Every structure is written in structure tokens, then in C-alpha cells.
């Protein structure tokens, strides 16, 4: 590994840690960390002569097909989580997910719609750009010499994404890990087009947040 390669490996690792830890520090009001981390990643990529296109986020990839296909898969996966995954985790002895952060949505349609809007416009695109875009791209570079660089990176990414949601409990973390692995598979199927993953994530969250609104979970 060259000196430049070692430096990039170190700086990549440090920025990945910042992306994982900073949102949980409470330093910034809810969701405003997005306005800090995304410009930080943009500047970091610019420093190395790259941009968001380098990590798979391109507006030219936004198509009706990405919305229809990604969204349909998200809805289907949402109902799979509610009707199959959640009961199975309960049978295995896992506690229900800690959803107290979303109690303000229960029975309140205005809160539900506002949260869906914030999630769809800000939070979910942020998570996909940061995790399936930046972190996944850099992990694949780090593990380029391994036997299975794509899936080695994908499994590690999924574990990191699961731990990022630690506040929801062990059962939720396991469910999120499985969903993250599924997202990695979608990434491979749709040739790294992040819009399929963004719409998958948005419509999945619409299903889950609606279930919370209806006190189904």
C-alpha cells in the first residue's frame, strides 16, 4: 500500500466513524446533523477529486422505474417485516423494538405526514447517500484485495447500519441487519443506482410509520 493509499485508508476510517457517531452525540438538534455531514462528505470527496457521482448518487439516475420498482419492493418488504419477521423475532424471544421516539405519531395524522415528509426528503436520502453510497464505496476499496470484496463490504456495512440503530433494541437491530443485507442485494441488482434504494427505504418507512400511527406496533 502506498503512502497516499495508507493516508486515504485512515481518513476514510475516521470519516466513517464520524458518520456513525456524530448523529448520536446530541450536539445537533434532530436531523440537523444531515446539514453537517453531507457537506463534510462532499468536501472530502472534492479533496480527492471525486463527487457524489463517484459514490453512486446521480440525479440522471432518477427515473419513474426507480420509483415504481424500488417503492413496490419497499412496500412488500414492509408488510413482510410486519407479518413475518416481527412475529418470528417475537417467537425467538426478542423484545419488541423500542419505538418511543415515534410516540408522537400515534393517532396523529399531521405528525405522521410531517414525519414522512421529513424522512422522505431529508433523512432517508441522507442515510442512503452516507451508508450505501459513501461508506459502502470506501469499504469496497478497503476490501478490494479480499476474496469476496463486494459481500465482505456489504455484510460489514449492514452490521454498521444495524448498530447505527442500536437505540431500537436487539430485535430491531437484527431485523435492520437483514434489511440492510437485502439492500446490498438490491444495490447489486440495480447496478449501484441509489434511487432504487432511496424509494425502497421511503415506502418501507411509510408502511412502518403507518403501522405505528394505527397502533399496530
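The values are calculated or read from the model by the stated rules, or taken from the named source; none is laboratory data. Treat the numbers as computed from the prediction; the structure is a model and nothing was measured. Note: ideal-geometry Cβ built from the backbone for every residue, glycine included; neighbour counts use all protein chains shown.
Points to keep in mind about this one:
- Whichever residue in the range 11-28 is exposed (fewer than 13 other Cβ atoms within 10 Å of the Cβ) and more than 15 Å from residue 135 (Cβ to Cβ) and, among such residues, is farthest from the chain's Cα centre (by Cα): 27
- Conditions (1) within 22 Å of residue 199 (Cα to Cα); (2) in a loop (DSSP other than H, G, I, E, B); (3) free of Cβ contacts under 8 Å to residues at least 40 places away in the same chain: number failed by residue 31: (3)
- Within the option set 172, 159, 180, being under 24 Å from residue 91 (Cα atoms), within 17 Å of the chain's Cα centre (by Cα), at pLDDT below 95 and part of a helix (DSSP H, G or I) holds for one residue only, 172.
- Which listed residue, of 81, 66, 72, is at negative phi, in contact (Cβ under 8 Å) with a residue 60 or more places away in the chain and either in contact with a strand residue (DSSP E or B) (Cβ under 6 Å, 6 or more places away or on another chain) or surrounded by fewer than 17 Cβ atoms within 10 Å (Cβ to Cβ) (or both): 72
- Enumeration of residues in the range 183-196 that are assigned to a helix (DSSP H, G or I) and crowded, with 18+ Cβ neighbours inside 10 Å: 183, 184, 186, 187, 194, 195, 196
- Qualifying positions in the range 93-140 - out of contact with any helix residue (DSSP H, G or I) (no Cβ under 8 Å at 6 or more places or on another chain) and either without any contact (Cβ under 8 Å) to a residue 60 or more places away in the chain or in a loop (DSSP other than H, G, I, E, B) (or both): 93, 100, 103, 110, 113, 114, 117, 121
- Of all residues in the range 197-215, none satisfies being within 21 Å of residue 73 (Cα to Cα), in contact with a helix residue (DSSP H, G or I) (Cβ under 9 Å, 6 or more places away or on another chain), without any contact (Cβ under 8 Å) to a residue 12 or more places away in the chain and assigned to a helix (DSSP H, G or I).
Condition check ((1) modelled with pLDDT of 95 or more; (2) closer than 20 Å to residue 194 by Cα) across all residues:
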site	(1), (2)
2	no, no
9	no, no
15	yes, no
18	yes, no
38	yes, yes
41	yes, yes
76	yes, yes
